[in-house]
Structures are given as structure tokens and as C-alpha cells.
1. Mind checking which lysines have their Cα closer than 23 Å to the Cα of Lys286? Skip sequence neighbours fewer than 8 apart in that chain.
2. Which semi-axes, in whole Å and largest first, does the equivalent ellipsoid of the stretch 1-130 have when worked out from the alpha carbon gyration tensor as the square roots of 5 times its eigenvalues?
3. Given the chain, what percent of its DSSP beta bridges are antiparallel, to the nearest 5?
4. With a 1.4 Å probe and all protein chains in place, put Lys220, Lys280, Lys42 in order of accessible area, largest first.
5. Tell me the accessible surface of Tyr227 in square angstrom (1.4 angstrom probe, heavy atoms of protein chains only), to the nearest ten.
6. Which entries of Lys11/Lys201; Lys2/Lys201; Lys123/Lys160 show an alpha-carbon separation above 25 angstrom in the structure shown?
7. Treating each Cα of the chain as an identical point scatterer and ignoring solvent, apply the Debye formula and state log10 I(q)/I(0) at q = 0.10, 0.13 Å⁻¹.
8. Using a 1.4 angstrom probe and counting only protein chains, how large is the accessible area of His7 in Å², to 10?
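The values are calculated or read from the model by the stated rules, or taken from the named source; none is laboratory data. A quick note: this is a predicted structure, and the numbers were derived from the prediction, not measured. Positions of Cβ are backbone-derived with ideal geometry, glycine not excepted, and every protein chain shown enters the neighbour counts. Only protein heavy atoms, including side chains, enter the accessible area calculation; ligands, DNA and RNA are left aside. Shrake-Rupley method; radii C 1.70, N 1.55, O 1.52, S 1.80 Å.
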Amino acid sequence: EKGGYDHFMLKEIFEQPQTIHDCLRGRLDADAGTITMSGIEKHAAQILAAQRILIIACGTSWHAGLVAEYIIEELCRIPVEVEYASEFRYRNPIINKGDVILAISQSGETADTLVAIETAKEKGAIILGVVNVVGSSIARISDAGAYTHAGPEIGVASTKAFTAQLVVLLMTALKLAAEKGSISRDRYLLLCKELAAVPEKAELLLKADAQIKALAEKYKDARDFLYLGRGYNFPVALEGALKLKEISYIHAEGYPAAEMKHGPIALVDEELPVVFVATKDSYHEKVVSNIQEIKARKGKVIAVITEGDTITPTLADDIIVIPQADEMIAPILNVIPLQLLAYHIGVAKGLDVDKPRNLAKSVTVE
Ligand code: F6R
């Protein structure tokens, strides 16, 4: 049942080229430049007329929501807020008729997310669901939505569901932007093509597995880790840190790279590994100066970089190379080596990576 892999988590990480392909199939036609998503189409006018889009989720799904915030705001020019379901629901949130709520959930059963959207629905909000489990509670209560089609995720730590969420959210943003006319035809077509190329690039990237396993051996005894990124990759840093905490029980913090100097930089010494999500994008130069700040304090830098980058390797202690991709696509690829790093560190420490202590696959307690 683990398909020859030692753990479900590893199997699910390696399935990503296929699950991303499944998620795109029947929706994206990159040559024709069409994206078919009936639920979104049906509500496009309402969504585009909304004052704001509220994204509600927990954990890893919340991280996918953060990436979506940056992308939807950039492409659609609609204000987006991302909320932890548990915070949103308990504070008498302001919801008006016609508000659009986007709920993201792998299981479709997370109690806080479910109750949050029930409350919003009663107040007249339109609920869109991005859900993996077909027929789950959140899928049923949503007015429309899109399934992530990642297949059953057995490993407690979410991996393939996350990348499928990113793909669905990106297709949604592209579809809305095209409808609104807030994206140029060229940019739209380019992003469609880039999306279609993700499965192949993910496949290439997985070849770094043995190299990442060696990195895991090198860093497995660290007491803490810092994960840093900016822009579209800030949520990827958060997700990398969450994976490591869950699977290896090593304390890890994800932070926006520029915020580091407002506090966490005090942690940096020669013992601290700092993982930078530093692929080529509009923030890259700034990220490079953040890497220099860490090196000046003798931190150990592991940098996730774009193939062809010649500068970052001269600064970092270790590098993980990602195929070239547009900056809006890169998070889907960048997270994969971070999943592998967490996995291999957990295994190297002899831990039960498929069932980390204290965690449940679906959090149905409030
Ligand atoms: C992390 C993880 C959790 C879930 C969270 C939300 O690896 O799996 O943080 O992402 O419990 O779950 P869903 O997406 O099922 O609502």
C-alpha cells in the first residue's frame, strides 16, 4: 500500500508530479489558454464584485491561503485577508451579505474551519471551498468550489494536498483575473504554460532526494532551525518550518526574511541552520542581503535557489537547486525539498514520520 516506499509521507511527496497533473487535468488547456472551473465560473461576477475575499483555514492549508493572498491581490487587485479559522470564528467577525469566503481544507472536516464558514454562511457570505476529500462536510456546505484531486493523504503531515491547493488557488486567481481583465493576455498565457510545466519540473526536482538526505544527516542534531523567505516564498518558509516541527520535533521558526532583524536574528550563531527560500524573483536581491546578514553572524545557510544562480552558492553553506519557474509558480516547487528535508531528518532521528506524536490527521475538536 505504500507502493514500495518506506513511509506514506515519502510516497505522497513523490506522488506530487502525478497529483499536480491530476489537479490540472480537465481544467487547464495551456495551448488554448483556457481554464475550466465551473464552480468559480458560476460565481465569478459575485466574486469580482466583492469588497474583499476572506480566506479561512488552519495549519498547512492556511499557508496555502497566504500564498493565494499575494497572488490574488497581484493578479485580480481584490483585497484579500487570510484568517486562522479558530481566531476568526470566536471574535464576532464582521461579515456582510455578498462577502466571499474561501475555505481551504484537505480533510474537509476541520472543526474550526467548518464552524467558521457555517457562521459566515448564515450571515449571507458566499462560500467557496478548496477541499481534497470529496463529499466532506466543508465540501457539502460550500456554495461552490474546486476539489484538489490529490487523492487520499495518509501521512499525518500534509504534503501533496498543499501543492494541489496551490495549483487550484493559482488557477482560480488566473480565471478571475482573466474575467476581470486585470491581467495581460501575455502574462495569462505565460502562467498557463508555466502551470502546465509544473509536473515535469517537480519530477526533476525529486532527483535531489539523495542530496537532501545527506543534508538531513548533516543537520539532524541541530536544536533549532530558522526558515526565511519573502513575498510568495514567505509562506513557503512557514510551511517548511511547520513540516520540520511536526516530523522531527526540532524547534523551527518560519519568518519573513526582512523581519528577522527585528528579533530572531538574536538566535543566530554557528549552531543555527537557516533555510532560505531564495529562488530568483522580484525579491531576490533583498533575500541575498538577508543571507549575508546571517553569514556575518556565522549562521549556517541552506539556500533553495534557482538553477543558474551563480551568486547565492558563493554565500550559502549548502544549496538545493530548483528548475527555473515564474515567481508565482515557484512556491509549488520550492516546498518540495523542504518536505523532503523534514522527512529525512525525522527518519534519521528514528521517528514515526507517518504518525508524529500528538497529531491527528483531521482535527475535529474545536
Ligand atoms: C500540517 C497539517 C495540519 C493541517 C491542518 C488543517 O502538516 O496537516 O496543519 O493542515 O490541521 O487541516 P485541513 O486542511 O484538513 O483542514
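1. Those lysines meeting the cut-off are Lys261, Lys295, Lys298, Lys300.
2. They are 28, 21, 12 Å, listed from largest to smallest.
3. The antiparallel fraction comes to roughly 5 percent.
4. These residues rank, largest area first, as Lys42, Lys280, Lys220.
5. Roughly 0 Å² of Tyr227 is accessible to a 1.4 Å probe.
6. The pairs that break the limit, which is 25 Å between Cα atoms, are Lys123/Lys160.
7. One equal scatterer on each Cα of the chain leads to -0.59, -1.01.
8. Near enough 40 Å² of accessible area.
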